[in-house]
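For reference, the structure is listed below as C-alpha cells.
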Amino acid sequence: MKKKVTLTDIAKACNTSNVTISKALAGKSGVSDELRAKIISTAKDLGYVSSKLPSSLGGNIGILIPEKFINPNGSFYWALYNSLVQRFKHKNISCIQENITTEEEAALVMPKLLNGHKTVGIISLGQLNADYVKKLIGLKSNILLLDYYLPGIDADCIVTNGFLGGYNLTTHLISQGHTEIGFVGTRLATTSIFDRYMGYMKAMMEHKLLIKDEWIIDDREIDNELFPHITFPDKLPTALVCNCDETAFKVIRDLKARGASIPDDVSVVGYDNYLISEISDPPITTINVDAGEMADLAVSTILERISDPKLPTRIKTIDGKLVLKGSVKQIG
C-alpha cells in the first residue's frame, strides 16, 4: 500500500518546518508568496491529499481596473471582469476588485488591496502607465497584464491580436470599395490602440491607398480620458476604422449630429463586439473578442505563475473574428 504523504514529507522536500507547511496550506500569514507557491506545488507533486489544497493559494486574486476604462453603461472590461470572477469562483478562489483613479495612477499611489487582504496574485485589467506597473511589480510578485502589454516590463500578458484585427477591418472596407479610409483612436494612449492602428496602416499601404494626416483622428487624451465628442476634419473619408466599439458609437452619434447618414455617407467599424455595438443605430461591424476565452487564459496563466514563480514570462495572444453588421456600405 502506498504510504500516505504527510506534512513532514513536504517539509523535508521544501527544506522548511512542519509549522511553515501547515501555515502555507491553510492560507495563513507568515509565509512568503514564493515559498507558499513552492509548498503548494510540492504538495501536489507528492500526492498530498487535503480538502484545502485545491484552493489553497493562501489568499485572493486582486483585479485592478483603471477608473477611466469603466463606463457606467457597461463596457468590454466589465464583461471580462465578470468572466474572470466566475472562473475563479468555480475554482473556489475569491477576487478583490479595486478601481484606480487617474490621480492615483499619476501619483503612483498603490492599490489598497496590497494591504492586509492576502492577495497572492494581481490581474491588471486595462492599461496602467509603465511607471505604475514597475512600482507594482516591485512590491508584489505574480502580476498579469490583461488586454495590454508594456515594452520592457517583465510580466505575463494576455492580449488580443489588435494588429490583425485592425488589418482585417480595413481590408473589409477596401473589399467594399472604400479607398478613402481614416482611423479614429489616440495612437499612443494604449498599446492595443497602436497595434490596431498599425494593422490599419499595413492594409492601406498594401493596397497603395493614401493615408491623410487629417483622417487620423484622436478620441482621447494620452492618459486615456475619452473626449466627450470627436472632432472631425471638414472633408470626411468614406469610411472610419475606430479602435473600439465605444469610440465607434460616439463617432456615429457625432456624425449624425453633423447631419451625416451612417453608412450612406460614412461607413464606421469598431472593435470588441460588446453590447454597445448592438444598441448602436446602425449596429456596428466589429471584431469579436471572446471575453470567456481571454478569462480562461488569464486564470490558467496566473495560477501557473503562482504555482511556479520561476516560469519565464509570456505574452499570449487571442485572435478576434470579423462580425458584419449594418454600419458599412458597399460603394463603387
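Tabulated data for the structure shown
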quantity: Positions within segment 273-293 being touching a helix residue (DSSP H, G or I) at 6+ places or on another chain (Cβ under 6 Å), among the aliphatic types (A, V, I, L, M) and outside any loop (DSSP other than H, G, I, E, B), in sequence order; calculated: Ile276, Ile287, Ala291
quantity: When residues of segment 90-108 are limited to those that are small (Gly, Ala, Ser) and in a loop (DSSP other than H, G, I, E, B), the one farthest from Ile306 (Cα to Cα); calculated: Ala107
quantity: Selected residue [in contact with a Phe, Trp or Tyr (Cβ under 9 Å, 6 or more places away or on another chain), acidic (Asp, Glu) and either surrounded by fewer than 22 Cβ atoms within 10 Å (Cβ to Cβ) or over 30 Å from Met110 (Cβ atoms) (or both)] from Asp218, Asp154, Asp223, Asp213; calculated: Asp218
quantity: Candidate set: segment 202-226, residues that are closer than 11 Å to Pro237 by Cα and outside any loop (DSSP other than H, G, I, E, B); chosen: the one nearest to the chain's Cα centre (by Cα); calculated: Ile216
quantity: Sole exception among (1) closer than 24 Å to Pro282 by Cβ; (2) surrounded by fewer than 23 Cβ atoms within 10 Å (Cβ to Cβ) for Val184, by number; calculated: (2)
quantity: Boolean, Ile318 is at pLDDT 90 or above and closer than 30 Å to Gly62 by Cβ; calculated: yes
quantity: Residue in segment 229-270 that is surrounded by the fewest Cβ atoms within 10 Å (Cβ to Cβ), counting only those that are among the polar types (S, T, N, Q) and either assigned to a helix (DSSP H, G or I) or touching an Asp or Glu at 6+ places or on another chain (Cβ under 6 Å) (or both); calculated: Thr238
quantity: Residue among Ser327, Ser280 that is surrounded by 15 or more Cβ atoms within 10 Å (Cβ to Cβ), touching a residue at least 40 places away in the same chain (Cβ under 8 Å) and not assigned by TED's automatic domain parsing to the domain that holds Val241; calculated: Ser327
quantity: Of residues in segment 300-318 being in a loop (DSSP other than H, G, I, E, B) and either in contact (Cβ under 8 Å) with a residue 60 or more places away in the chain or out of contact with any helix residue (DSSP H, G or I) (no Cβ under 8 Å at 6 or more places or on another chain) (or both), the one farthest from Ser41 (Cα to Cα); calculated: Arg314
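The values are calculated or read from the model by the stated rules, or taken from the named source; none is laboratory data. From a predicted model like this one, the values you see are computed outputs, not experimental measurements. Neighbour counts are summed over all protein chains in view; Cβ atoms, including those assigned to glycine, are modelled from backbone coordinates with ideal geometry.
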